[in-house]
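Below is one structure, written out as structure tokens, with a few remarks after it.
Derivation of every value follows stated rules applied to the coordinates shown; laboratory data play no part. In this text, all values refer to a predicted model and were calculated from it rather than measured experimentally. Methodologically, a virtual Cβ is constructed for each residue, glycine included, from the backbone with ideal geometry; neighbour enumeration extends over all protein chains shown.
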Amino acid sequence: MDTVSTIDNLPFAAALRPEVVASPSPTSDHALLEATRVGDEDAFAELVSRYRNQITSYIYRMTNDYDGAVDLAQETFVRVYRAAERYQTSYAFSTYIYRIATNLAISELRKRKRRKLVSLTGFFQSRDGGEPQEFNPADERPLQDKELVDTERRNAIARAIATLPEKYRAPLILRDVEGRSYEEIAGILQTSEGTVKSRISRARGFLREKMKAYF
């Protein structure tokens, strides 16, 4: 049997996606940013309202730290506001803001890695001196309560995603959680669509391996 090629066919795909409710607005992102340039604070407030939740959610999935995600989302909007004069309308505003958010999240992950490199190595080292463990394996004891099972499953997915290198984590989340197109992801990450597809494929493979104990 062929290996499944997309996360949509995996049993935990639904747990990754937040509920999305369409909320159309008559004013485009470009128009709001143009108004921001000339000092319209209400226009910028509307941009923040449109993107605050999704940017916070995206950064949280990247960093697995909600409080930190809130702070980084605020920093994302600060940078958008300060750079409003330099914004180029040749590409979508969503690509632009996700690029800023991605760079901030990756920067935070790298800072965290530098801060904890020594301590994490010791913490995850096995007692017999073997290879460090990436995350705790599943507790194979049956859980009868569906809510507990679902909670454990979501936590397991979050832990598994958190072990992925950022170059695989970002495109996986953007594609399979955020639902972004390959073209938009390539714009956000400033790389080719071919590289995006390759990294997503590898990330899905890594994730399947990590989740075998759960599914």
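Quick look at the values:
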item: Under the Karplus curve 6.51 cos²θ - 1.76 cosθ + 1.60, θ = phi - 60°, whole-Hz ³J(HN,Hα) for the stretch 189-204, x wherever Gly or Pro sits; result: 8, 6, 9, 7, 5, x, 5, 4, 4, 5, 5, 5, 4, 5, 4, 4
item: Derived scalar couplings ³J(HN,Hα) [the stretch 102-109; Karplus, 6.51 cos²θ - 1.76 cosθ + 1.60; whole Hz; x for Gly, Pro]; result: 4, 4, 5, 5, 5, 4, 5, 4
item: Projected label distance in nm at GLU152 and LYS212, using a 7 Å step from Cα toward the beta-carbon; result: 2.0
item: Length released on extending from SER201 to SER107, taking residue separation times 0.36 nm less the Cα-Cα span; result: 31.5 nm
item: Karplus 3J(HN,Hα) series, Hz, for the stretch 58-69 with 6.51 cos²θ - 1.76 cosθ + 1.60 (x for Gly, Pro); result: 5, 5, 4, 5, 6, 10, 6, 9, 5, 4, x, 5
item: Interchain or long-range residues, amide H under 5 Å from THR89's placed H; result: none
item: Residue order, fewest to most surrounding Cβ atoms within 10 angstrom, among TYR91, TYR60; result: TYR91, TYR60
